[in-house]
Structures are given as structure tokens and as C-alpha cells.
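Q: Let me begin by handing over the structure; questions about it come next.
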Amino acid sequence: MNSNKFSIKTIVAIGIGAAVFMILGRFGSIPSGIPNTNIETSYAYLALMAIMYGPLAGLLIGLIGHGLKDLVFYGMPWFSWVIASGVVGVVIGLAWKKINIDDGDFSKKKIVLFNIIQVIANILAWFIVAPVLDIVIYAEPSNKVFLQGAIGG
């Protein structure tokens with residue numbers, strides 16, 4: 001993708017990416033044992049799409065996909081976690097030029113970097129953004145939301 005414009009390929013990737021994220025979020029979730037908290041397989045897909053298409057695509061796939069999942073399957077988006085999903089996409093997407101998988105070289109060094117970035121993105125989103133927004137937006141108890149963030153993301 002040219003950094004100066006949104007290509008048709010990227011727009012299509014956002015649409016398909018959001019739809020796949022929504023489906024994985026609903027049918028690919030693994031229960032964690034903590035109420036309203038699952039281990040989500042959709043974030044592996046979000047990471048792949050973000051690293052392929054960049055931070056804006058990652059943001060939109062995370063926001064739209066998670067928002068639609070919540071709306072369709074639960075009746076209303078949980079905005080703090082929708083925003084956290086967008087944060088995951090942005091942070092991972094910021095490394096797309098550095099990792100540049102389009103060049104065909106996904107070396108061990110790039111794999112390690114990709115995984116370090118995923119860890120950072122998930123820590124930021126689920127240990128900081130989601131719990132803080134849960135407290136601010138929904139007045140949720142802090143001990144509950146920080147536990148949910150630590151376990152399920």
C-alpha cells in the first residue's frame with residue numbers, strides 16, 4: 001500500500017478483515033472461566049492483517065470487526081473493548097514497513113520482532129486501555145476489569 005493513499009486492495013482487506021474478525025470473535029472464542037471473558041482467536045487474524053496492510057487498516061479492522069461482533073451477537077458494542085481492539089491493530093500495524101512481509105522475507109529476526117510487537121500491543125490494549133476505559137465509561141469495578149484484561153483480552 002502506498003502510504004499516501006488508501007488502495008482498493010486495502011479497502012477490500014478492511015471489509016473482509018472486519019467480517020472475518022467478527023466471525024472468529026463469535027465462533028472462534030475459547031472460554032476462559034472468567035465471566036464475560038474469552039480467549040479470542042480473532043486477534044491472531046487482526047495481527048496478520050495489520051502487519052500486511054498497516055496501522056489504519058489494523059485500526060479499522062479492529063474497531064469495525066469488534067463493534068459488529070458485539071452489536072450482532074450481544075446487541076450493543078462494549079466500546080472500551082472495541083477501542084482496545086483498534087489499539088491492537090494500530091500498534092501492530094505500525095511495524096508493517098519495518099517487517100515488510102511483502103518482500104517475501106519473513107526471517108527469524110522478523111518473526112521475533114512481530115511477536116514482540118504483538119505482546120506490546122496486547123499489553124497496552126488489555127492491561128491499560130480496556131480496563132481504564134471500562135472504569136471511565138461504564139464505572140466497572142477496577143479489580144474485575146484488570147483481571148478480565150489480564151486473562152482474556
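Q: Which whole-number value in Å² is the accessible area per residue of segment 18-146, probe 1.4 Å?
A: Heavy-atom SASA per residue in segment 18-146 reads 51 Å².
Q: Find the relative contact order for segment 1-93 and round it to a whole percent, using C-alpha pairs within less than 8 Å whose residues are 6+ positions apart.
A: Reported relative contact order: 30 percent.
Q: Also: Only sites in a loop by DSSP and with at most 11 other Cβ atoms within 10 Å count here; which trypsin sites (Lys or Arg not before Pro) in segment 2-48 make the cut?
A: Lys5
Q: Which of Ile99, Leu63, Leu48 sits closest to the plus end of the dipole of the chain, meaning its Cα is farthest towards the positive end, when Lys and Arg get +1 and Asp and Glu get -1 on the C-beta?
A: With unit charges placed on the Cβ atoms, the residue in question is Ile99.
Q: Right, something else. Using Cα springs under 10 Å in a Gaussian network model of the chain, which residue among Leu48, Leu56, Leu113 shows the largest mean-square fluctuation?
A: Of Leu48, Leu56, Leu113, the Gaussian network model singles out Leu113 as fluctuating most.
Q: If you place +1 on the Cβ of every Lys and Arg, -1 on the Cβ of every Asp and Glu, and leave all else neutral, what size is the dipole of segment 15-153 about its Cα centre, to the nearest 20 Debye?
A: The calculated dipole for segment 15-153 is roughly 240 debye.
Q: Given R₀ = 30 Å, FRET efficiency for Ile123-Ala19 by Cβ-Cβ distance, to 0.05?
A: In this case the efficiency is close to 0.65.
Q: Still on this model: Return the FRET efficiency for the residue pair Ser107, Ala44: r is the Cβ-Cβ distance, R0 is 25 Å, and the value is rounded to the nearest 0.05.
A: The value I calculate is 0.80.
Q: Now for a separate question. Using Cα-Cα distances under 8 Å and only pairs 6 or more residues apart, what relative contact order does segment 8-152 have, in percent?
A: Over segment 8-152, the number comes to 23 percent.
Q: Separate question: Name the long-range amide H neighbours of Ile39: under 5 Å, sequence gap of 5 or more, or other chain; modelled H, no Pro or chain starts.
A: Excluding prolines and chain starts, which carry no amide H, the hits are Ile30, Ser32.
Q: Then there is this: Rg to Rh for segment 8-152: what is it, with Cα atoms only and Rh by Kirkwood?
A: Result for segment 8-152 is an Rg/Rh of 0.98.
Q: Moving on to the next point. For Ile8 and Val136, what does the FRET efficiency come to when R0 = 41 Å and r is the distance between their Cβ atoms, rounded to the nearest 0.05?
A: Plugging the Cβ-Cβ distance into 1/(1 + (r/R0)^6) gives 0.60.
Q: Further question on the same structure: Going by amide H atoms built from the backbone, whose H comes under 5 Å of the H on Gly54, apart from near neighbours?
A: Result for Gly54 returns nothing.
Q: Quantify, in whole percent, the carbon and sulfur part of the accessible surface of segment 1-73 (1.4 Å probe; protein heavy atoms only).
A: C and S atoms contribute 70 percent here.
The values are calculated or read from the model by the stated rules, or taken from the named source; none is laboratory data. All values derive from a computational prediction rather than experimental measurement. Using ideal geometry, Cβ is built from the backbone for each residue, glycine included, and neighbour counts are taken over all protein chains shown. Each accessible area value is taken on the protein alone, full model and side chains, heavy atoms only, with ligands, DNA and RNA left out. Shrake-Rupley method; radii C 1.70, N 1.55, O 1.52, S 1.80 Å.
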